[in-house]
1. Taking only pairs six or more apart or across chains, which ones have beta-carbon atoms under 7 Å, a first residue in the range 166-177 that is of a type in the set (A, V, I, L, M, F, W, C), and a second residue that is more than 9 Å from ligand 1 (Cβ to nearest atom)?
2. Do you know which residues across the range 37-59 are in a strand (DSSP E or B) and within 16 Å of ligand 2 (Cβ to nearest atom)?
3. Could you tell me whether K333 is in the same structural domain as I282 (by TED's automatic domain parsing), out of contact with any helix residue (DSSP H, G or I) (no Cβ under 8 Å at 6 or more places or on another chain), within 21 Å of L423 (Cβ to Cβ) and buried (at least 18 other Cβ atoms within 10 Å of the Cβ)?
4. Can you list the helices (runs of 4 or more DSSP H) lying wholly within the range 64-132 that have 1 or more residues being within 16 Å of ligand 2 (Cβ to nearest atom), within 24 Å of the chain's Cα centre (by Cα) and in contact (Cβ under 8 Å) with a residue 40 or more places away in the chain?
5. State which residue is farthest from I282 (Cα to Cα) when the search covers only the range 211-245 and only residues that are among the aliphatic types (A, V, I, L, M) and within 16 Å of ligand 2 (Cβ to nearest atom).
6. Return yes or no: is T149 more than 16 Å from ligand 2 (Cβ to nearest atom) and either touching a helix residue (DSSP H, G or I) at 6+ places or on another chain (Cβ under 8 Å) or at pLDDT below 95 (or both)?
7. Scan (1) touching a Cys at 6+ places or on another chain (Cβ under 6 Å); (2) touching a residue at least 24 places away in the same chain (Cβ under 8 Å); (3) not aliphatic (A, V, I, L, M) for the single condition T286 breaks and write down its number.
8. From the list A18, A29, which one is within 23 Å of the chain's Cα centre (by Cα), free of Cβ contacts under 8 Å to residues at least 40 places away in the same chain and either in the same structural domain as E297 (by TED's automatic domain parsing) or within 9 Å of ligand 1 (Cβ to nearest atom) (or both)?
Amino acid sequence: METNINERKPLDVLILAAGLGTRMRSNLAKVLHQLDGRPLINHVCLTAKLLKPRKIYTVIGHQGEDVKEAVLDQISGEEAEFPWQKEQLGTGDAVNSAREFLENENSTLLVLSGDVPMIRSETLAKLVEQHIYQNASCTILTVELDDPTGYGRVVRDSSDIFSRIVEQKDASDEELRVSEINSGIYCFDTKKLFEMLSRVSNDNAQGEYYLTDVPKLLLESGDRVSLYKHHDRTEIEGINNRKQLAEMEKNLRERVIERTLLESGATLVDPASVYISASAKIGRDTVIYPNVSIEGETEIGAGCTIRSGTRIADSKIGKNVSVLDSCLITEAKVGDNCNVGPFAHLRPNAVMKEGAKVGNFVEMKKTILGKNSKANHLTYLGDATVGENSNIGAGTITCNYDGKNKHETNIGNRVKIGSDTMLVAPIKIGDDATTGAGTVATKDVLPNTLVVGSPAREIKTIEKKEK
Ligand code: UD1
Ligand code: MG
């Protein structure tokens, strides 16, 4: 049996992400443009990570620091390396800027494009598998397109064997009719790739160093170049302009909506006007009204109602929750059987425990609202903890900021905060205490105590009512 030398080689990934993306007509580097609410480069990184490579090298240049940050959102510093391409002289030059890191590595190198975001890890795994199995020096991922305009064409010889890749701008009329395109995704024998890169010239229509010249050079020096033809073109589509980005977003949306309708058991009253991110999860029998946006890693439980005009991002909503019209909920947690809105704003680290209610024009930030507690009208709760069965009256404000620092408010169980109370933090309101309307509380309030006025005066101890 033939020994498979590639088999034992470790896998490294190289992502090309240094270009500006002139065709986007934007000041923002192309790979930082968003798809499904995340930069393009994030999609590619996440997919690469699933293959468990030894290292992920991302070639950066345009807005390199920002691209680096976006990559490090997905992968740790130890797994990542960032070769810098000083001038964007083409994809061949981009790979060449990783020379010092990789040229002596005895590894398999998977080259990905930062602007091909929909590629699936299963497809990449198959590409790598074929590359190893066929003992190739280079394997190119290709696909047939009805309209191949803009892509490099994969030219085969009369025996259907790979002969070269030709870029759109360099292609003859006959070559332009070829419908098999280069996805910009390849597997290489790392050492051989860098050997051949030194021979690539920029003598072409764009005056660029093309990575796409390497396979032909490998072939000419007697190496094996293999093609892996994939069937699903949607995975391979690249983003070069805003029209392609908008189309990809639309297609992704449609797929997510279809999947939600068929698999989650949720009702979308008007599927065309609802936005649901690919990573969101929605429970059975939840009803979503028109013009709702569910973004990021949001999870919504079963039996909820989400009314129009609401945006929920990266939040967890329990079971049987009602979210009325026009709420904004980000990085928050809402427990089972809660009521939210209309017009409520739950900011990061707002937590509503089971059965809690937050109503009209109430804002919560870094606050826990305890079980069955209510803040129904015109209230700001920031850096606060509210116990169980407490009622926060209309117009209450936790005055958490003294101009320099944020301070905490701690409200106990069964507390009644009267309308228009100002709680000047840091402050503690004991269990079963009450504040009168218009109170400005500057000092801690003892349990079972009624306070009123500005600054609050202690009036009496509240007698416990027998239940
Ligand atoms: C490239 C391929 C083409 C293929 C297509 C698939 C070449 C010469 N052409 O064309 O055959 O069909 O992808 O999508 O490779 N980049 C750098 N530095 C540079 C230039 C580009 O890092 O100097 C990065 C870009 O940021 C991008 C990727 O490489 O992420 C591809 O570059 P792009 O200019 O989009 O190449 P295409 O014209 O799409
Ligand atoms: Mg491209």
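The values are calculated or read from the model by the stated rules, or taken from the named source; none is laboratory data. All values reported here derive from a predicted model rather than from experimental measurement. Ideal geometry is used to build each Cβ from the backbone, glycine not excepted, and the neighbour counts take in all protein chains shown.
1. From residues that are of a type in the set (A, V, I, L, M, F, W, C), the pairs are V166/V155; V166/E175.
2. Across the range 37-59, the qualifying residues are P39, T58, V59.
3. no
4. 64-72
5. Here the residue is L211.
6. Considered against the rule, which asks whether it is more than 16 Å from ligand 2 (Cβ to nearest atom) and either touching a helix residue (DSSP H, G or I) at 6+ places or on another chain (Cβ under 8 Å) or at pLDDT below 95 (or both), T149 comes out as no.
7. Every listed condition holds for T286 apart from (2).
8. None of the other options fit; the residue is A29.
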